[in-house]
Amino acid sequence: MKRMIHMQRVCPGFLLLLLSAPPATAQQELRFGVLGLFHPRELILQPEGSQVISVTEKDAAKNPVLVLNGETGRRQIIFHAEGDRVVANSRFADCWTTAGRDGGTVAFRLTVPGRFHRVYHGRLTIQARKGVLLAVVAMDRETAVASIVAVEMAESAPMEALKAQAVATRSFLAAGPRHLDFDFCDTTHCQFLKSPPAATSRVTSAVQATQGLILAYRGKPLAAMYSSRCGGKTHTLRDVGLNPGNAYPYYAVPCQWCRRHPATWQSRIGASGEPPRPGNERSRIAAARQWGWSAIPGNDFTVTADNAGWRLEGHSVGHGVGMCQMGASGMAAAGAGFREILTRYYPNTELITLP
Ligand SMILES: [Zn+2]
Ligand SMILES: [Zn+2]
């Protein structure tokens, strides 16, 4: 099931945008636009556990600060969008900020009413655009890496594979921001990001063991791509119909695990327009927009026409560019270290340590 969920997140739009990523900057704190997918008009903020949160109108120091400390009447605050302003506690403001009492990071829970909640560790800023709330969480880089790796791999994955994933994820973040209002979003466009794992989690250990380590290409952080299951060989950007320009071209790397563990998927889609072109990410995006990711989980497939439409049969999951996560787990289970895994899937890169 984990794989099925993962498969839907391998959005090739991500691939296309990577090629125009802005220049790299090293950052200790990263700003994530969160929950934007839900276009929330209302969000509920609560302190997590025994944390104490200060809620302030930005740039209005003389206004009273609301403190949430879990006591009666101080358990939560509701933010509501009114045009480009945000109402909280009957007060209008252009922007609200929340942080620990010392202005530092704090654990808090953000709820989309009637949908779900997520826990974050950082400092929250809330603004509104045309009646929709824009929530941005500034968090420590390593917290962000852990929160992403926890989505990308099962906690039970081999430790060296988790470490390889941590380095790839950190490299992606170190390669630079991809939005204007914040650095990264929490969707397939940038990186899925959920609540940070527990301090005792194996994911946390993998992140700590590789702290600050990233992949670099020609001396610059690599916005490392990875996907779920390559099907036997990874792809270059050109293989999937993209022009790398001067960026890292990626390589066609044989993947032993996928060769030894072949798996196929089948789907059937209705016939309208052209059938999707095998091995082409742009074509796959177009087909996925029309039929859903589950109809076309990978780009290695054959197409057969029948009366009802097209029958697709494939054996890869994801875009197949960069590290194969199943292959990485296979290598780790066979005794490879994370450096060996990264060298295999990202040839001609080097490992460097961020300041
Ligand atoms: Zn994004
Ligand atoms: Zn593979």
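The values are calculated or read from the model by the stated rules, or taken from the named source; none is laboratory data. Bear in mind the structure is a predicted one, so any value in this text is a computation, not a measurement. As a convention, Cβ positions derive from the backbone with ideal geometry for all residues, glycine included, and neighbour counts pool all protein chains shown.
ARG260 meets all of the listed conditions (1) at pLDDT 90 or above; (2) among the basic types (Lys, Arg); (3) more than 14 Å from ligand 2 (Cβ to nearest atom) but one, namely (3). Here ALA168 passes the criteria (1) away from ligand 2 (no atom under 16 Å from the Cβ); (2) buried (at least 19 other Cβ atoms within 10 Å of the Cβ); (3) modelled with pLDDT of 95 or more except the one numbered (1).
Do you know which residues across the range 145-193 are in a loop (DSSP other than H, G, I, E, B), charged (D, E, K, R) and within 16 Å of ligand 1 (Cβ to nearest atom)?
Matches in the range 145-193: ARG178, ASP181, ASP183, ASP186.
For the range 202-219, the criterion of a residue being hydrophobic (A, V, I, L, M, F, W, C) and closer than 19 Å to ILE285 by Cα is satisfied by no position.
Within the range 276-309, being farther than 18 Å from ARG259 by Cβ, surrounded by 19 or more Cβ atoms within 10 Å (Cβ to Cβ) and touching a strand residue (DSSP E or B) at 6+ places or on another chain (Cβ under 9 Å) holds for PRO276, GLU281, ARG284, ALA287, ILE296, PRO297.
Residue under question is PRO158, and the condition is that it be surrounded by fewer than 24 Cβ atoms within 10 Å (Cβ to Cβ) and within 16 Å of ligand 2 (Cβ to nearest atom); does it hold? Answer is yes for this residue. I'm checking my understanding of the structure. Among residues of the range 217-257 that are among the polar types (S, T, N, Q) and within 16 Å of ligand 2 (Cβ to nearest atom), which one is surrounded by the fewest Cβ atoms within 10 Å (Cβ to Cβ)? Looking at the filtered set, the residue picked out is GLN256. Note on the range 98-116: residues that are surrounded by 13 or more Cβ atoms within 10 Å (Cβ to Cβ) and of a type in the set (Gly, Ala, Ser) total 3.
Within the range 196-211, one or more residues are away from ligand 1 (no atom under 16 Å from the Cβ), of a type in the set (Ser, Thr, Tyr) and surrounded by 20 or more Cβ atoms within 10 Å (Cβ to Cβ).
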